[in-house]
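Working notes for the structure below.
The values are calculated or read from the model by the stated rules, or taken from the named source; none is laboratory data. Keep in mind that what you see is a predicted model, and the values were worked out from it rather than measured. Counting neighbours? That spans all protein chains shown, and the Cβs are built from the backbone with ideal geometry, glycine included. Quick note on the areas: whole protein, heavy atoms, side chains included, nothing else; ligands and nucleic acids left out. Shrake-Rupley method; radii C 1.70, N 1.55, O 1.52, S 1.80 Å.
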Amino acid sequence: MLPAERKALALTLYRALGYEVREQAVADFHNSTARTKIISCPARTSKSYAGWKEALPDIFIPGIELARTGDAESMLCWIVAPNFDLAKEFDYAWSDLVSRKDTVGFDYELGRCTNVVRQGHMEITIVWGKNKAGDDVTSRVVVKSAANEKSLQSEQVTVAILSEAARLDPV
């Protein structure tokens, strides 16, 4: 998907969900064309909320590409936090993709959806269908704890959100 198409998709989703940017630093974050983005703002300026909203259009790209061309690949979004309790972005994801599914403006099927923080089972799967090769096309949002470094290996991640990044151990 071209950058201009992704931007239009983002604006469509933001309107459907009633998301409005109120801080200039958040607007600059969303408008950046950088591959890697870091939002730095004072406390209570909705950094976590903006981080999730920035990833939201990428969740829908496989479904749009599948409908447009019949060919698409699955995507994986990780929310990596020091521990599962600190992954606020997942609460926003759950609200947008599960609780408010009918207001998003796109038809999709929910697959596995779990939100059990105490056990570390936090996942949302959207099932888009099968591509031309017969492979399932999905979008997955999964929370990972940085406390378990081995769990952060060996998967192809499309989007990663580092939640409470200041609290993550440096690499």
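Going through (1) basic (Lys, Arg); (2) part of a helix (DSSP H, G or I); (3) farther than 14 Å from Val159 by Cα one by one, Arg112 falls short only on (2). Scan region 130-160 for residues that are surrounded by fewer than 18 Cβ atoms within 10 Å (Cβ to Cβ), out of contact with any Asp or Glu (no Cβ under 8 Å at 6 or more places or on another chain) and part of a strand (DSSP E or B) and the total you get is 2. Residues considered: Arg6, Arg68, Arg35. Of these, the only one that is more than 19 Å from Thr103 (Cβ to Cβ), in contact with a Pro (Cβ under 8 Å, 6 or more places away or on another chain) and open to solvent by 40 Å² or more (accessible area, probe 1.4 Å) is Arg6.
If you check Glu123 against the conditions, is it at pLDDT 95 or above and among the acidic types (Asp, Glu)? Yes; evaluated as a whole, the condition is true for this residue.
Among residues of region 20-32 being in contact (Cβ under 8 Å) with a residue 24 or more places away in the chain and part of a loop (DSSP other than H, G, I, E, B), the one that is most open to solvent (accessible area, probe 1.4 Å) is Arg22. Within region 38-65, the set of residues being within 17 Å of Asn131 (Cβ to Cβ) and open to solvent by 20 Å² or more (accessible area, probe 1.4 Å) comprises Ile61, Ile64, Glu65. Taking region 87-96 as the range and being in a helix (DSSP H, G or I) and either out of contact with any helix residue (DSSP H, G or I) (no Cβ under 7 Å at 6 or more places or on another chain) or open to solvent by 50 Å² or more (accessible area, probe 1.4 Å) (or both) as the test, the residues that pass are Lys88, Phe90, Asp91, Tyr92, Trp94, Ser95.
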